[in-house]
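A.B. asks: Here it is: the structure, laid out below.
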Amino acid sequence: MYSNLVLKHFTNPKNQGRIKNPDGVGTVGNPACGDIMTVYIKVKKNKKGEETISDIKFETLGCAAAIATSSMVTQLAKNKDLDTAAKITRQDVADELHGLPAAKMHCSNLAADALHRAIENFQSKHPKKARKASGREKKRIRRR
Ligand code: FES
């Protein structure tokens, strides 16, 4: 039924909890089963000036697969730049867990969607940074 890795993340989830004063928050629910998941992120610039997820935590009220996928998505996204983290898919999460039973594939949707919402939430709160970044990009392009 579940892979050993799913059971490991369910019984010993990584990055479970809440971040105080997060830079971005994303909450999603599954209306079919009533499960709900919230992802919190902290964002810092790395040495290259890229905004990266320096910390990430989750709170999930849900099934074993929902908790295991929450744990896995936080591990996949931690220390990634925002563009890379935004590309993490539902399938990536399931694959990293060595698969999910077909009836539980929908549970992986929550994890990826909550992460994407947290990133969007951060970006919506920091539109100036985005504009400045694109301005810098334009200058770099012009200098070439
Ligand atoms: Fe609801 Fe798994 S059954 S997310």
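Only the coordinates and a few stated rules stand behind these numbers; no lab work does. These numbers were taken from a predicted model, which means no experiment stands behind them. Glycine gets a Cβ as well: all are built from the backbone with ideal geometry, and neighbour counts include every protein chain shown.
A.B. asks: Taking the Cα of Leu7, stepping 7 Å toward and past its beta carbon, and measuring to each backbone N in region 100-114: which are under 18 Å?
C.D. replies: 100-102, 104
A.B. asks: Which pairs, out of Lys48/Lys87; Lys44/Lys87; Lys14/Lys47; Lys48/Lys80, put more than 23 Å between their alpha-carbon atoms?
C.D. replies: Lys14/Lys47
A.B. asks: Next question, about the same structure. At 0.36 nm per residue, and after removing the present C-alpha to C-alpha distance, how many nm does the segment from Glu50 to Lys14 gain when stretched out fully?
C.D. replies: Stretched out fully, the Glu50 to Lys14 stretch lengthens by 10.5 nm.
A.B. asks: Going by average Cβ density within 10 Å per residue, which order do the peptides 2-9, 45-52 take, highest to lowest?
C.D. replies: Ranking the peptides 2-9, 45-52 by packing returns 2-9, 45-52.
A.B. asks: Okay, next question. Write down the percent of antiparallel bridges among all DSSP beta bridges whose residues are both part of region 1-141, to the nearest 5.
C.D. replies: Around 95 percent antiparallel, to the nearest 5.
A.B. asks: Aspartates and glutamates near Lys8 by alpha-carbon distance under 14 Å, same-chain residues fewer than 8 away left out - which ones?
C.D. replies: Cα-Cα hits under 14 Å: Glu96.
A.B. asks: With a bin width of 10 angstrom, please list the P(r) values of the chain as percents of all Cα-Cα pairs, from the 0 bin to the one holding the largest distance.
C.D. replies: 12, 41, 28, 12, 5, 1
A.B. asks: I need the peptides 30-36, 53-59, 80-86 ranked by packing, meaning the mean over residues of other C-beta atoms within 10 angstrom, with the highest value on top.
C.D. replies: Those peptides, ordered most packed to least, come out 53-59, 80-86, 30-36.
A.B. asks: Using only the alpha-carbon atoms, how far is helix 64-77 inclined from the longest principal axis of the chain? Give it as 0 to 90 degrees, nearest 10.
C.D. replies: The angle comes out near 20 degrees.
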